[in-house]
Amino acid sequence: YNDNAVLGWGDAWGGFAISSNIAKAEKGEYDYSDQFFAYASGGSKCAVGYNLKYDGSPYTYDMPVMVFESPATILSASIANTTKGYHYCKNNPVVGDNDEDMRFELVITGYSGTVKKGEVRVDLARGANVLADWENVELKTLGAVDKVEFSFSTNDMSAGYSNVPAYFCIDNIQLK
């Protein structure tokens, strides 16, 4: 949570929140109460990540980050869209005047100290194909890391900012 008065936005949060909400029904374009809902089948609790930094916040604590006291290898994790993100992507499969397929990726980057160890990209949406349930993602290629950052990449931009709600869900993190 931060007070983004410096940006003129008012209060907002970035990072992780815990949720036990699972729902597939859309609340409406301007109703953000489903930002904490996993668009998935089943599950009891998960973490919802929001990258406020992606939307222009100058603060480094506004992105979802996992930090380990000692290096760990993440074997895998389950990733899903939020209900808000799923419906935005499903309703906007193309962008721009060229009818380019919309692309929205979760970028998972592992670090050892300040050294980037690796990166894994997960398609949350690509054109009409939108992630509609939990997907098990292998992360062992990141190697032994002490920090993991979660960010996004998209081609659906306006004025340098993403049009896609910058949320994702993560669960079932398997560590070695």
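Rg/Rh, computed from the Cα trace of the range 125-176 with Rh as the Kirkwood radius, has the value 1.01. Counting charges near G113 (Lys, Arg +1; Asp, Glu -1) among other residues having Cβ under 15 Å from its Cβ returns a value of 0. As a test question: what accessible area, to the nearest 10 Å², does T141 have when a 1.4 Å probe is rolled over all protein chains in place? The accessible area comes out at roughly 110 Å². Kirkwood analysis of the chain, using all unique Cα-Cα pairs, places the hydrodynamic radius at 16.6 Å. Relative contact order of the chain: 28 percent, from C-alpha pairs under 8 Å at least 6 residues apart in sequence.
Computed over protein heavy atoms with a 1.4 angstrom probe, the accessible surface ordering of Y86, Y111, Y32, largest first, is Y32, Y111, Y86.
Set the Förster radius R0 to 22 Å, insert the Cβ-Cβ distance between N136 and S20 as r into 1/(1 + (r/R0)^6), and round the FRET efficiency to 0.05. Step by step, r from the Cβ atoms, then E = 0.60. Can you compute the label reach from S41? Point 7 Å from Cα along the Cβ direction, backbone N cut-off under 16 Å, restricted to the range 107-133. Answer for the range 107-133: 130-133. With K and R counted +1 and D and E -1, the other residues having a Cβ less than 12 Å from that of P93 yield a net charge of -1.
Here the simple spin-label model places points 7 Å from the Cα toward Cβ, and for Y161 and D101 these points are separated by 2.9 nm.
Note: the range 74-125, Cα convex hull, 109 Å³ per residue. Only Cα sites of the range 106-154 enter the Debye sum here, all with the same form factor; the resulting log10 I(q)/I(0) across q = 0.17, 0.19, 0.20, 0.21 1/Å is -0.55, -0.65, -0.70, -0.75, listed in q order.
Ligands, DNA and RNA excluded, the heavy atoms of C46 present near 10 Å² of accessible surface to a 1.4 Å solvent probe. Under 19 Å from the Cα of K140, which aspartates and glutamates turn up, not counting those fewer than eight places away in the same chain? Reachable aspartates and glutamates: E69, E105, E119, D123, E149, D171. With helices as the sole contributors, the chain gives -1500 deg cm²/dmol at 222 nm; each DSSP H run of n ≥ 4 counts as -39500 (n - 2.57), and the sum is divided by every residue. Listed cross-link partners K24/K147; K27/K147; K45/K176; K84/K116; K45/K84 are compared with a 29 Å cut-off, the Cα-Cα value being larger for K24/K147; K27/K147; K84/K116.
The values are calculated or read from the model by the stated rules, or taken from the named source; none is laboratory data. As the structure is a computational prediction, the values presented were derived from the model and not from experiment. Backbone-built Cβ (ideal geometry, glycine too); neighbour counts: all protein chains shown. Side chains are part of the model used for accessible areas, which takes the heavy atoms of the whole protein and leaves out ligands, DNA and RNA. Shrake-Rupley method; radii C 1.70, N 1.55, O 1.52, S 1.80 Å.
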